[in-house]
Every structure is written in C-alpha cells, then in structure tokens.
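**Student:** My questions all concern the structure below.
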Amino acid sequence: MQTSTDLRNLLNRIDHRGYPAYKDTKGMYQFPGYVLSIDHVQGDPFAAPSKVSVHVKGAQAGFLPELYCGAHQRIALQDELNRQFGREAGKFAFQAKGSGKSGLISVSRCGQEVLERTACQIDAKTGDVILRMEIGFPANGRTINARELEKILFDFLPRCVQQALFYKNCDKARLRKICDLAEDQQYIREQLDKMGLVAFVANGAILPRESGISPRPMKGAVAFESPKEMEVMMELPHKGVLKGMGIPKGITLIVGGGYHGKSTLLKALELGVYNHIAGDGREYVITDATAMKIRAEDGRSIKKTDISMFINDLPNGKDTRGFYTEDASGSTSQAANVIESMEAGAKTLLIDEDTSATNFMIRDELMQRVIHRDMEPITPFIDRIRELYQEYGVSTVIVAGSSGAYFHIADHIVQMDRYVPKEITAMAKKEAEGFPALSGLEKPAEKPVFTRCPGQNREYRGNDRIKMKTMGREAVSINRETIDLRYVEQLVDSEQVSALGYCIRYAEKHLFGGRTSVRDVVRKLEEKIARDGMAGLCESSSSVAALAAPRPQEIFACVNRYRGLVL
C-alpha cells in the first residue's frame, strides 16, 4: 500500500498529460485515519465518473457496537452514514473545475426507504466502514488537471470523511434515535404474525405524499387514526406504547369514494415491506415482509407457469398447467402474478381494483346467467380468494370502489372517508343481504406446481462477458433482452434494479441449467448475497456497482419477466 505522499507526487508527475495517464493513480493510499482506494478510473472526462472508496478501520471510526449489532440497526446506520456523507459532499461538488464531469463528488442518493446498499457497509464484527463514491477526475479538455484533483482528494474528501464517518464528529443522539427506530420497526414486523396481523398502521401516521412525483409527506395532511374496532396496542422496546390499526389475516376490503384515501392507504401498505426514515410519516406503517402488490400487466412474458387455478379449458387446448406466452392479456397476466407470488413465498396479496383486469376479479350474476360458467375458461379471483387463505395461508387486502361483490366474503371492511378509516363490516354485510352472493365453485383447485427449472441460454454458454444495463426503475437489459419491471411496483430504487440485473447475470453464468428450479435459483442467490454481500455479484472487488438490496419476491419477479429465460 502506498502513502498519501506517493499519490501527491504521482499527481504532480502526470499534471498536464493526456487523460489516460490518470490510470496510473489506481491503487490504495494510506491517509490519516483512513485508506483511499481508487478502484476504477474513467476513460475521459465525459465518461462515467471514476469509482473511489474510503476504508476506515473500526477502531478509528469508533462507532459503538450496539449501534450495528443487529442487522436492521446496522443497515439503518449504514443508510445514515451514506446520507451524512452525501450532505457533506454536496458542499464541494463541482467546486473543482474542468470539462465534462470534472469535480463531481457523488454517493448513492437515498429515498424515504432504508435499504441495504453497497454504497456504505459496516463490518458487523469489526466495525470497519467502507464508503463507495464516484468522483469526476478534473481535466481541461482531455488534458489532466491534477491540481484540481489534488484539491478534491486532499482537501474536500478528508473533510467529508472526518465529518461523516468518524463517530466523534457525528450527532450521537441522532444516530442513537435512528438505530432505536430500526429496532422498534423490526419489533413490530416480528409481532405481526404473533398477533395474527398482516399489517400495522400507527395512529398519527401521515400517508399522503407531497405530490405524485414526490415521496415526501404532504404538509397539512390528515393524520391516520385507527377505527376503535381495529385498534391494537404494542409495547415497543424504545418508543414504548404505540397504538394503531391492525389489519388481520384473511380478507380485508378497503372501500370509499374517489379521492378519499383508499389507494393512498394501499400504497403505504405496499411500501410498508421496507423500513422508512424518521420524519417520513410512515415510520410505523409495517407490512408483512413477503407481501406483494398484484396487478394486471398486459403484454408480459409468462414462461411455463401453472395458472390452472384461475384459467382452464382454453378453446385452443393450450396447457394451463405450464402456460407459456410472450404477450399475456390482462387477466392471464394477473393470474400468473398471483401464482408466481405464491411461488415466491408471499403470504399477503395487495390488490387495487383500478389496476386489475375486471374479468379476472369478478363475473357478476347476470353475466354468469348469460355466459354459463362452462363456457368461461377464467375462474375469477373472487371464487378463489377464500381458498387462498384457508388452503395456502395467503391473505388479501383489496381496494374496491365500484363493485360490492366482495362484501359477502370479506372478513373485515374498512371505509376511507376523507382519509379517515371507519370499520363498517357489520353495516356493509347487512346491506349485502339484500343482494344475492355470487355462486361459488364446488371443488378447490389442484395445488399449483412449482417445478420449473431454467436452462442456460445458449448465447451465454462459456461467455464471461454478459452486458447489463439498467434504465432507472423501469427495466434492466441483459445483452439484447430487456426485462420490463415497470409494474413491479414495490421496487423503490434504481439501485435495486441494478442488483436484479446482476442477479440475472450471475444466474445465467452459475445457476441456470440442469435441474435447479426457479425457487432454488432464488434461494441460492439469497445465500450468495448473505455470504458475500451484494458486492459478491459483481465481477471483481474493484468494480463493485452501486446496488441496493431487492427482496426475494422482486428477484422472483425479475426472473419471471426475463424473456431470455429458457424453460
């Protein structure tokens, strides 16, 4: 390992040379209190910025072990250190001048959710801290401006490191509150199953967002207040007594007029699979970690999925025990989404009437009389929803605004009235007595088969270079195949999409082929990440990408939408 003086001397030597000479800086350098590692140098000032990381030994960082002893506390601390560093780096970004991306100092931008990221990692045993960033190495045209880079590496960066990554300079009370919040959130999540709940929404939560494009809480919004009939109480390790609405296992229907908060509540439940930062308003909105949002998804690829629980006896005789299509309809895609969610281990389904296929959700009495059940290959969701819970332990939360058919079968009915929830189960069921319930099925469906085994794509056999590119939160491409993730609505960060791309690339190289089922592929990917971290999915330790952890359910969703999947 070289010293910071060696780096300064090197910069003096290459000053005013052609930009490729910056490649000589790659390596590790000892600075006071930390090691600076230049992991990858950009090819020119207009290319993607250089990758740089800072390594601080636990003894020097000085963070108390109780702040990172638990996984959720550690992730929360990592998240906060990344945010702190970003705030400090923002003070110096582009103060070093030059062409192209010269002077950029950038770390991962965190949203309202707390995610595990490769951007900042703390060793649970030693307390060592690694923070990864991008820096635009300065140039005039394509000529090295080493003086400006020296300003970044020897002036700006040390100040950021000292303020963000050393416990003695941090707001200790703030860090303690952040880690305590993470412990409280995890406690609630662990209590859900014990209390027979699929979700908890705390009294005082702020669910509406600032706008359709802003995830921040809306100012002046109506605070959530649980109906007394559904109110539960929890004694949290740090916050103490907390009351709120518990959504029980089974079938819950959320109803109400337009713009009264139905979808807003469902959206909060969707994202309740993640912990949220203090001040978000949804810190104590906690949902079953396996919950999946289900919707229609016209045009998606389906590869040998057993959708016979919902679709059978197609006129063309197509097999629905191993259904295959490259262009699914709304009802077919939603059926596949339900079955694939079961395959992914989901114990809660979240459904909004607005984004569902009508013929998948319901067939009313008049339609059943005109078009007899024997002539309709689709078994609507309403006929299977009770079976899903009783036979498979899968609960459902449905938002409905136009059809009252689900009143008959719902266990709990909540009306949203100007963002205020009201428990109306008894009243709604009494009103429903005047309307005939839809005739149900006589026998349950055969148990879905989850034995699909992906083969290796011929294009990638023996090919060490598989190109991967992400397109925000919407898609990831593997060579020429684009995986459309627009409707995987619980993805909240583009770095999660990047991680999914690396998962597919790793699976193509090491897991697809032979007799490994989709379930086993995802399980082995989880084991790989647990053992080596998300960085283990990257090609080398010097080229670790900016990744955020997706849930296993999103890994399943990505595999299932991969048109290059060989089955």
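**Student:** Residues to consider are GLU526, GLU508; find the one that is out of contact with any Phe, Trp or Tyr (no Cβ under 8 Å at 6 or more places or on another chain) and not small (Gly, Ala, Ser).
**Tutor:** GLU526
**Student:** Here's something else I'd like to know. Under the condition of being in a loop (DSSP other than H, G, I, E, B) and touching a strand residue (DSSP E or B) at 6+ places or on another chain (Cβ under 7 Å), which residue from the stretch 458-485 is modelled with the lowest pLDDT?
**Tutor:** Looking at residues that are in a loop (DSSP other than H, G, I, E, B) and touching a strand residue (DSSP E or B) at 6+ places or on another chain (Cβ under 7 Å), I get ILE466.
**Student:** Can you name every residue in the stretch 531-556 that is hydrophobic (A, V, I, L, M, F, W, C), at pLDDT below 95 and assigned to a helix (DSSP H, G or I)?
**Tutor:** Residues satisfying the conditions are MET534, ALA535, LEU537.
**Student:** Given SER211, SER226, which one is among the hydroxyl-bearing types (Ser, Thr, Tyr) and surrounded by fewer than 13 Cβ atoms within 10 Å (Cβ to Cβ)?
**Tutor:** The conditions single out SER211.
**Student:** I've got another one for you. Looking at ASP313, ASP298, ASP280 in this structure, which one is free of Cβ contacts under 8 Å to residues at least 40 places away in the same chain and surrounded by fewer than 23 Cβ atoms within 10 Å (Cβ to Cβ)?
**Tutor:** From the options ASP313, ASP298, ASP280, the qualifying one is ASP298.
**Student:** Also, quick follow-up: Condition test on ILE251, is it surrounded by 15 or more Cβ atoms within 10 Å (Cβ to Cβ), farther than 17 Å from SER395 by Cα and among the β-branched types (Val, Ile, Thr)?
**Tutor:** no
**Student:** Can you name every residue in the stretch 395-409 that is under 29 Å from the mean Cα position of the chain (by Cα) and buried (at least 22 other Cβ atoms within 10 Å of the Cβ)?
**Tutor:** Hits for the stretch 395-409 are SER395, THR396, VAL397, ILE398, VAL399, ALA400.
**Student:** Could you tell me which residue of the stretch 41-68 is nearest to CYS179 (Cα to Cα), considering only residues that are within 26 Å of the chain's Cα centre (by Cα) and among the hydroxyl-bearing types (Ser, Thr, Tyr)?
**Tutor:** So the residue we want is TYR68.
Table: residues versus (1) modelled with pLDDT under 95; (2) under 19 Å from GLY240 (Cα atoms); (3) of a type in the set (Val, Ile, Thr).
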{"position": "GLN162", "(1), (2), (3)": "no, no, no"}
{"position": "LYS177", "(1), (2), (3)": "no, yes, no"}
{"position": "ILE188", "(1), (2), (3)": "no, yes, yes"}
{"position": "GLY196", "(1), (2), (3)": "no, no, no"}
{"position": "ALA202", "(1), (2), (3)": "no, yes, no"}
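**Student:** Would you say LYS249 is touching a helix residue (DSSP H, G or I) at 6+ places or on another chain (Cβ under 9 Å) and basic (Lys, Arg)?
**Tutor:** Against the criterion (touching a helix residue (DSSP H, G or I) at 6+ places or on another chain (Cβ under 9 Å) and basic (Lys, Arg)), LYS249 qualifies.
**Student:** Considering only residues that are among the polar types (S, T, N, Q) and under 22 Å from GLU283 (Cβ atoms), look in the stretch 77-121 and name the one that is surrounded by the fewest Cβ atoms within 10 Å (Cβ to Cβ).
**Tutor:** GLN112
**Student:** Still on this structure, please answer the following. Going by the conditions given, is LEU242 touching a strand residue (DSSP E or B) at 6+ places or on another chain (Cβ under 6 Å), surrounded by fewer than 19 Cβ atoms within 10 Å (Cβ to Cβ) and among the hydrophobic types (A, V, I, L, M, F, W, C)?
**Tutor:** yes
**Student:** Taking ASN140 as the residue in question, decide whether it is touching a strand residue (DSSP E or B) at 6+ places or on another chain (Cβ under 6 Å) and surrounded by fewer than 21 Cβ atoms within 10 Å (Cβ to Cβ).
**Tutor:** No; evaluated as a whole, the condition is false for this residue.
**Student:** State all residues of the stretch 495-528 that are touching a Pro at 6+ places or on another chain (Cβ under 7 Å) and outside any helix (DSSP H, G or I); if no residue qualifies, say none.
**Tutor:** PHE512
**Student:** Which numbered condition in (1) without any contact (Cβ under 8 Å) to a residue 24 or more places away in the chain; (2) within 22 Å of PRO421 (Cα to Cα) is the only one that PRO248 fails?
**Tutor:** All conditions pass for PRO248, except number (1).
**Student:** Would you mind stating whether VAL488 is buried (at least 23 other Cβ atoms within 10 Å of the Cβ), among the hydrophobic types (A, V, I, L, M, F, W, C), under 23 Å from ALA296 (Cβ atoms) and touching an Asp or Glu at 6+ places or on another chain (Cβ under 8 Å)?
**Tutor:** Here the answer is yes, as VAL488 does meet what is asked.
**Student:** Within the stretch 335-386, track down each residue that is modelled with pLDDT of 95 or more and assigned to a loop (DSSP other than H, G, I, E, B).
**Tutor:** Within the stretch 335-386, ALA344, GLY345, ALA346, LYS347, SER356, ALA357 qualify.
**Student:** Next question. Got a sec? Which strands (runs of 3 or more DSSP E) wholly within the stretch 279-330 have at least 3 residues that are of a type outside the set (Gly, Ala, Ser) and more than 29 Å from GLY564 (Cβ to Cβ)?
**Tutor:** In the stretch 279-330, the matching strands (runs of 3 or more DSSP E) lie at 285-287.
**Student:** Further question on the same structure: Take the residues in the stretch 532-552 that are under 21 Å from ASP79 (Cβ atoms) and not aliphatic (A, V, I, L, M); name whichever of them is surrounded by the most Cβ atoms within 10 Å (Cβ to Cβ).
**Tutor:** PRO550
**Student:** Give LYS57, LYS51 a once-over and let me know the one that is under 21 Å from PHE85 (Cβ atoms), charged (D, E, K, R) and surrounded by 17 or more Cβ atoms within 10 Å (Cβ to Cβ).
**Tutor:** LYS51
**Student:** Continuing with this model, one more query. Does the stretch 316-329 include one or more residues that are at positive phi, touching a residue at least 24 places away in the same chain (Cβ under 8 Å) and not hydroxyl-bearing (Ser, Thr, Tyr)?
**Tutor:** For the stretch 316-329, residues at positive phi, touching a residue at least 24 places away in the same chain (Cβ under 8 Å) and not hydroxyl-bearing (Ser, Thr, Tyr): absent.
So that you can scan it fast, the table gives a plain yes or no per residue for (1) part of a helix (DSSP H, G or I); (2) among the acidic types (Asp, Glu); (3) at pLDDT below 95:
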{"position": "PHE224", "(1), (2), (3)": "no, no, no"}
{"position": "GLU229", "(1), (2), (3)": "yes, yes, no"}
{"position": "MET234", "(1), (2), (3)": "no, no, no"}
{"position": "LEU242", "(1), (2), (3)": "no, no, no"}
{"position": "ILE247", "(1), (2), (3)": "no, no, no"}
{"position": "ILE254", "(1), (2), (3)": "no, no, no"}
{"position": "THR264", "(1), (2), (3)": "yes, no, no"}
{"position": "ALA268", "(1), (2), (3)": "yes, no, no"}
{"position": "VAL273", "(1), (2), (3)": "no, no, no"}
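**Student:** Just to be sure before I move on: is GLY513 without any contact (Cβ under 8 Å) to a residue 60 or more places away in the chain, on the phi > 0 side of the Ramachandran plot and outside the structural domain of ARG300 (by TED's automatic domain parsing) in the structure I sent?
**Tutor:** So GLY513 passes the test.
The values are calculated or read from the model by the stated rules, or taken from the named source; none is laboratory data. Being a predicted model, the structure only gives us computed values, none of them experimental. For neighbour counting, all protein chains shown are included, and Cβ atoms are generated from backbone atoms with ideal geometry for every residue, glycine included.
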